1. Give me the inter-chain shielding for B:87-94: mean count of other chain Cβ atoms within 10 Å, whole number please.
2. Taking a ≥ b ≥ c as the square roots of the eigenvalues of the Cα gyration tensor of the stretch A:277-353, is the shape rounded (a/c under 1.5), prolate (a/b larger than b/c) or oblate?
3. Which percent, nearest 5, of DSSP beta bridges in the stretch A:35-185 are antiparallel?
4. Once you sort the root eigenvalues of the Cα gyration tensor of the stretch A:1-76 as a ≥ b ≥ c, which label holds: rounded (a/c under 1.5), prolate (a/b larger than b/c) or oblate (the other case)?
5. Can you tell me the orientation of helix A:33-44 relative to chain A, as the angle in degrees between its alpha-carbon axis and the longest Cα principal axis, to the nearest 10?
6. Roughly how compact is chain A, stated as its Cα Rg over 2.2 N^0.38 Å to two decimals?
7. Starting with the highest mean, order B:19-28, A:316-325 by the number of other Cβ atoms within 10 Å, averaged over the residues of each peptide.
8. Kirkwood hydrodynamic radius (Cα pairs, Å) of the stretch B:82-221?
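Readers should treat all values here as calculations from the given coordinates under stated rules, not as data from a laboratory. Quick caveat: nothing in here was measured; it's all calculated off a predicted structure. Note that each Cβ is placed from the backbone with ideal geometry, even for glycine, and that neighbours are counted across all protein chains shown.
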């Protein structure tokens, strides 16, 4: 049954319906409805809600719960995610499943509480030490945010790696009609025989989750193992949504709420006879580079639109790999691009092309 | 033939990396003996920390999780949330617990987490080469206070037991020293009590162990033990601070 729900509350309920029973969080706008909702909802379903003393602690509680075999998550916004980066690196290194939700706002630093997408580098490159990666989903509406968040729990356990959902503040705050189903853990996933549960089973070795190696050769082998896993994830998990890109005059590349604004721009442009295609990365790591390359080949122009000063644009240019130029249009600091302004950029770009 | 001494089953036979005269091995052994006596070895999940005891995951026959620097109480709270019926404890040094992790330490105690915390206080950052810690005592020379800790310049040491015993959530708070046999036996009693608290669901229990670090004190092991007895215990009085 469809229900009208605020994005943050819908995502929180989706997590519960996907079997998440441990939530650790800290208040920060614009995601605070997630901990508020889960503070009572977890009690209802026999789960645990713990309000951490900081985002540092929340991320490390999440690590502990994941290592113990629990289905667990945390949520925050840009600044808080920044404080979690060391834990994300450690969680990747120890191969612990965990789900992170970033409902992002305008930056840098304290910035503002309105929607932003300037955490793109932070989410896709990470701010923690070493070579590590995690799948990052970038939903563009509340329903998709719920579906991807539910999927994130299975993917985290499938790869034994953190998975993030990167929803901008608009998705967190907007009310939309959603349908949230109970999603059981994928039966194809193996049992969590690796988890720390107390060593009462001598048929297995005691667990020793650590990211420290005194022997650099061992550390390199560990790195090689992680990189092989990331290669498999790149191979299998990159997702791009394309709309009318085959015969488009202009392909707009955008994700999240910006991609929805691009849909409005597409309708407005159509009135002037301009055919606009939209290429929307659903995963921003791994980046759907090959799919995007193909989607942009027939258009006269490519325009990247984002609420960041060219962060997605970097990945777009890497994907196009010099095969063609791409333009960039952005708004910053919590201001959102307007459809008419995007249309103006399209017109300018077509004149230059 | 009767057995008068036997190694506990909690610790394994991996060669330890500790310096001669270091108290960590002794502290591990006391924990191991207590867990064995209480028949908790198979129920225990160990949360290690960053510092000299950072390789602890190699030494115990238990499921072990190494936490980032200072975050062991948060990690332990996450583990305990999933396994409230298991024994979860952290083993942390003073750089880890009293410096970078003081926030997590105070908050876990304030929440009244049903956890046990074993705190090895040797008054320096041992692993990184003996720098000043929050626990370095006035006059003590370290590599970052070469002429000795001067409170007017470097600030005052933190008495963690004194701090935690003010919190309602902390139920058992005690400090022992490992400088001689009678005190070691006293320390074991406190460790036993701290695990019993968790077993009985009585809440947060904390035991501080004054430890010798001969390498960084530039002393012989016997001198380091004497220094703990004569100097450290003046700043950090021994005893039970709270028992509820």
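1. Average per residue, whole number: 1.
2. Oblate shape, in that a/c is at least 1.5 and b/c is the bigger or equal ratio.
3. Working: 1 of 15 bridges.
Antiparallel bridges make up about 5 percent of those DSSP assigns within the stretch A:35-185.
4. Numbers: a/c = 2.11, a/b = 1.31, b/c = 1.61.
Because a/c hits 1.5 or more and a/b fails to exceed b/c, the stretch A:1-76 counts as oblate.
5. Helix A:33-44 and the main axis of chain A meet at about 40 degrees.
6. Computed over Cα atoms of chain A, the ratio equals 1.01.
7. Numbers: B:19-28: 20.0, A:316-325: 14.9.
Order by mean packing, descending: B:19-28, A:316-325.
8. Details: mean 1/r = 0.0638 Å⁻¹.
Evaluated over the stretch B:82-221, this radius sits at 15.7 Å.
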